[in-house]
1. Which condition number in (1) touching a Pro at 6+ places or on another chain (Cβ under 8 Å); (2) farther than 25 Å from Ala219 by Cα is the one that Met23 fails?
2. Answer with yes or no whether Ile122 is touching a Pro at 6+ places or on another chain (Cβ under 6 Å), touching a residue at least 40 places away in the same chain (Cβ under 8 Å) and not hydroxyl-bearing (Ser, Thr, Tyr).
3. Any idea which of Trp62, Trp40, Trp49 is crowded, with 18+ Cβ neighbours inside 10 Å and either within 15 Å of the chain's Cα centre (by Cα) or not basic (Lys, Arg) (or both)?
4. Could you count how many residues in the range 165-213 are closer than 30 Å to Gly239 by Cβ and free of Cβ contacts under 8 Å to residues at least 60 places away in the same chain?
Amino acid sequence: MDILIAGLVLVSASLHPVRDFLMKGVQFPESAYFGVIVLWVILAAIHAWAVDASLLSVVTAWPLVLASGGGLFLYYVGVQATMARGDLSVYYPIIRSSPLFIVVAGFLFLGHRYSPALLAGIGVTLVGAFFLQYRRSITLFHTPLTLGAASVAMAGHGITALADAQAMQLIEPMVLMVWVNILLVLFCGAYFALRRPPYRSRGAQLLAGWRATPLRIIAAGALSYVSYLLILIAFQLGGDVAAVSTLRQASIPISVLLGGMYLGEQSVGRRLGWSAVLAVGIIIIILSR
């Protein structure tokens, strides 16, 4: 893998856990994440204006924009359904296994081919990432519906990555981000409003987070915007979608360190051991040709 592309992805991966750290424990999670989506539209529109990128250029990539937006919506729905059952910490390894979906779907439907070294690196990285997050006391097949919801989230994330990688050969990153997130504002706004608790108004369901934690939403939105912009630039430079998506798993050991240092989470030592396995996989990917 090109060193510049690897560097962009690893910088992106270092920013992503900070977003999750800022959003952890917010009082109105649906509203907060909806706020981040809205902020992405604003930031991407300003970015497009600043670099004189035409938003109308999206006409050359509409099917990919729809696929990306639809995939992200599936991701959010799958995550929310998993969270509703209280098992997100158990099934999160499945959600984060989108590189596996990308490899299989790319090979079967898009004609992608992968070197043995790249496949080995992806496999080692996914093993390390899986056991970094897996809780031994729970079986994944204990609640099939929750497993299904986590698998939907994983597939949605994979569909988005495949669509984004192709779209970056046609349009600029900020153009994609404007239109995909406009779609998400519509899709997720309707979804979050419909699944609101009976004691909360639709307005409160969508906007309460801005009143409760505005600075956290702004900080999380800005950081995550920069983080994903770097991923899109990596795709634009020709980064392999499976390799790029797998390198993003580097965010997991960083989140382990943040959780241990600031949130008092347990089993940090064991998880750092699996972080070393993940790091070996990343090195193999970077060195693969």
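1. (2)
2. On the way: touching a Pro at 6+ places or on another chain (Cβ under 6 Å): yes; touching a residue at least 40 places away in the same chain (Cβ under 8 Å): yes; not hydroxyl-bearing (Ser, Thr, Tyr): yes.
The answer is yes for Ile122.
3. Working: Trp62 fails: crowded, with 18+ Cβ neighbours inside 10 Å; Trp49 fails: crowded, with 18+ Cβ neighbours inside 10 Å.
So the residue among Trp62, Trp40, Trp49 that is crowded, with 18+ Cβ neighbours inside 10 Å and either within 15 Å of the chain's Cα centre (by Cα) or not basic (Lys, Arg) (or both) is Trp40.
4. Here is the first cut: in the range 165-213, the residues closer than 30 Å to Gly239 by Cβ are 165-188.
Filter once more, keeping what is free of Cβ contacts under 8 Å to residues at least 60 places away in the same chain: 186.
Count: 1.
The numbers here are math on the coordinates, done by the rules we state, and not lab data. Keep in mind that this is a model prediction, so the values were computed, not measured. We place every Cβ from the backbone using ideal geometry, glycine too, and count neighbours over all the protein chains shown.
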